[in-house]
Ligand SMILES: [Zn+2]
């Protein structure tokens, strides 16, 4: 393989989790968000529907976790994006 081909191949490789070493191509995103839903009462049960996530009302920092080991790797989208793009 030429140097150029190797460089391209390495750039295409998914980044490795710094905690468990697994190659990961995405992260798990967790955030506290304000949700709204319709709440209904029926004869024998209750039900929620029309769940809606009210974007922009997240509380605290979101977590971006490794999907393999579950460790939190980042708290901002910028860092998470940079990592997945290979630094
Ligand atoms: Zn991991």
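Which of the residues that make up the stretch 74-87 are surrounded by 13 or more Cβ atoms within 10 Å (Cβ to Cβ) and in contact (Cβ under 8 Å) with a residue 40 or more places away in the chain?
74, 80, 83, 84
Within the stretch 62-73, can you find the residues that are in contact (Cβ under 8 Å) with a residue 12 or more places away in the chain, outside any loop (DSSP other than H, G, I, E, B) and within 12 Å of the ligand (Cβ to nearest atom)?
64, 65, 73
Tally up the residues in the stretch 30-39 that are surrounded by 11 or more Cβ atoms within 10 Å (Cβ to Cβ) and modelled with pLDDT of 95 or more, please.
1
If you take the residues in the stretch 3-29 that are surrounded by 10 or more Cβ atoms within 10 Å (Cβ to Cβ) and over 23 Å from the mean Cα position of the chain (by Cα), which one is farthest from residue 79 (Cα to Cα)?
Here the answer is 6.
Any residue at all in the stretch 41-48 that's modelled with pLDDT under 95 and touching a strand residue (DSSP E or B) at 6+ places or on another chain (Cβ under 6 Å)?
no
The values are calculated or read from the model by the stated rules, or taken from the named source; none is laboratory data. Quick caveat, the model's predicted, so the values are computed rather than measured. Here the Cβ is made from the backbone with ideal geometry for all residues, glycine too, and neighbour counts use every protein chain on show.
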